[in-house]
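Enquirer: Handing you a structure now.
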Amino acid sequence: MYLSPAVRTIRDDPMEGEPVTLLLEVADEAAVEDVASAVREAGATVEEELEFRTLRVAVDQERVGAVCETGGIETVETSNTLGLDPDGAGEDVRPDG
């Protein structure tokens, strides 16, 4: 499973009571509905099913670790992954390779 640098930071050092929106790419071998149910059990709210087998979920930062442990997830990134900051770089940049 790939965890973006921002997600790893939040998982390792969460701010209690602060929400975060994550994008979860569901693995090819998993059913989207099953993963959605499992992340709900982990404490997240599924906000929307997006294209390319991706779920947008809201969760308190202290529950990010539990969401990341959910089976059937290929990639976990913050919802700002594709956003641009003032420097023109995305918040999350996936390494090559």
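Enquirer: Name the one entry in 76, 67 that is in a strand (DSSP E or B) and within 11 Å of the chain's Cα centre (by Cα). Before the answer, list the steps.
Expert: Working: 67 fails: in a strand (DSSP E or B).
The unique qualifying residue is 76.
Enquirer: Being touching a residue at least 40 places away in the same chain (Cβ under 8 Å) and not β-branched (Val, Ile, Thr) is the requirement here; does residue 38 meet it?
Expert: Values: touching a residue at least 40 places away in the same chain (Cβ under 8 Å): no; not β-branched (Val, Ile, Thr): yes.
No.
Enquirer: Here is a further query. Give the number of residues within region 22-74 that are buried (at least 16 other Cβ atoms within 10 Å of the Cβ), touching a strand residue (DSSP E or B) at 6+ places or on another chain (Cβ under 6 Å) and among the polar types (S, T, N, Q).
Expert: 2
Enquirer: Could you say which residue among 19, 14 is in contact with a strand residue (DSSP E or B) (Cβ under 9 Å, 6 or more places away or on another chain), touching a residue at least 40 places away in the same chain (Cβ under 8 Å) and surrounded by fewer than 16 Cβ atoms within 10 Å (Cβ to Cβ)? Give the derivation first.
Expert: Values: 14 fails: surrounded by fewer than 16 Cβ atoms within 10 Å (Cβ to Cβ).
Checking each option against the conditions leaves just 19.
Enquirer: Can you spot a residue in region 42-54 that is more than 12 Å from the chain's Cα centre (by Cα), at pLDDT 95 or above, farther than 14 Å from residue 75 by Cβ and outside any strand (DSSP E or B)?
Expert: Within region 42-54, one or more residues are more than 12 Å from the chain's Cα centre (by Cα), at pLDDT 95 or above, farther than 14 Å from residue 75 by Cβ and outside any strand (DSSP E or B).
The values are calculated or read from the model by the stated rules, or taken from the named source; none is laboratory data. Not measured: the values here are computed from a predicted model. When we count neighbours, we look across all protein chains shown, and the Cβ atoms used for this are built from the backbone with ideal geometry, even at glycine.
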